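The values are calculated or read from the model by the stated rules, or taken from the named source; none is laboratory data. This one's a predicted model, so the numbers in the text were calculated from it and none came from an experiment. When we count neighbours, we look across all protein chains shown, and the Cβ atoms used for this are built from the backbone with ideal geometry, even at glycine.
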């Protein structure tokens, strides 16, 4: 079976990484009925890691790209769980956490990297509700962490 969504993603010059291994006592994804609840993903792809606080260590633009890395990681988990991205019916919600300084207020600009990529990949199915907020620290000092709820067939 051809995964048309994966082919579209590749036509955008993107690819899914290897499914990340959880770094603590949790699983990447829990399915209940037709919903996938994905654990928070980090901007790590092989040796590439986006580390530090936004905007002092990491620029808004680098944070935006970090959000895109996280989405590709999360989509790798989705594909691993259901076999094909074509089975994604809807991205329901996205919660984005930005490792930021106390006086930073542009969290949505960082998380837009994730939201815009989902819409680019899935079109209408990629439009979702969202939270974008700042936190004083994240695991491994990453710049961004994102979790998703995805409706599947």
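Might you check whether a residue that is more than 13 Å from residue 147 (Cα to Cα), buried (at least 19 other Cβ atoms within 10 Å of the Cβ) and in contact (Cβ under 8 Å) with a residue 60 or more places away in the chain occurs anywhere in the range 94-107?
No, the range 94-107 has no match at all.
Looking only at the range 113-125, which residues are surrounded by fewer than 19 Cβ atoms within 10 Å (Cβ to Cβ) and either touching a helix residue (DSSP H, G or I) at 6+ places or on another chain (Cβ under 7 Å) or under 16 Å from residue 61 (Cβ atoms) (or both)?
Those that are surrounded by fewer than 19 Cβ atoms within 10 Å (Cβ to Cβ) and either touching a helix residue (DSSP H, G or I) at 6+ places or on another chain (Cβ under 7 Å) or under 16 Å from residue 61 (Cβ atoms) (or both): 116, 119.
Can you tell me which residue in the range 135-147 is surrounded by the fewest Cβ atoms within 10 Å (Cβ to Cβ), limited to those that are farther than 10 Å from residue 96 by Cβ and in contact (Cβ under 8 Å) with a residue 40 or more places away in the chain?
My answer is 139.
Kindly indicate which of 82, 51, 69, 60 is modelled with pLDDT of 95 or more and over 24 Å from residue 142 (Cα atoms).
After ruling out the rest, the residue left standing is 82.
Given the criteria assigned to a helix (DSSP H, G or I), closer than 23 Å to residue 123 by Cα and touching a helix residue (DSSP H, G or I) at 6+ places or on another chain (Cβ under 8 Å), does residue 94 qualify?
no
On the given criteria, is residue 54 more than 21 Å from residue 22 (Cα to Cα) and touching a residue at least 60 places away in the same chain (Cβ under 8 Å)?
For residue 54, the condition - more than 21 Å from residue 22 (Cα to Cα) and touching a residue at least 60 places away in the same chain (Cβ under 8 Å) - is met.
Can you confirm whether residue 74 is buried (at least 19 other Cβ atoms within 10 Å of the Cβ), in contact (Cβ under 8 Å) with a residue 40 or more places away in the chain and not in a loop (DSSP other than H, G, I, E, B)?
Working: buried (at least 19 other Cβ atoms within 10 Å of the Cβ): yes; in contact (Cβ under 8 Å) with a residue 40 or more places away in the chain: yes; not in a loop (DSSP other than H, G, I, E, B): yes.
So residue 74 fits the description; yes.
Looking for whichever is modelled with pLDDT of 95 or more and surrounded by fewer than 18 Cβ atoms within 10 Å (Cβ to Cβ) here; the options are 33, 41. Which one fits?
None of the others qualify; the one that does is 33.
Restricting to the range 56-71, name every residue that is in a loop (DSSP other than H, G, I, E, B) and surrounded by 20 or more Cβ atoms within 10 Å (Cβ to Cβ).
58
Among the residues of the range 1-16, count how many are more than 15 Å from residue 83 (Cα to Cα) and part of a loop (DSSP other than H, G, I, E, B). Show your work before the answer.
Step one: filter the range 1-16 for residues more than 15 Å from residue 83 (Cα to Cα), giving 8-15.
With part of a loop (DSSP other than H, G, I, E, B) added as a condition, the list becomes 12-15.
Residues that pass the stated criteria total 4.
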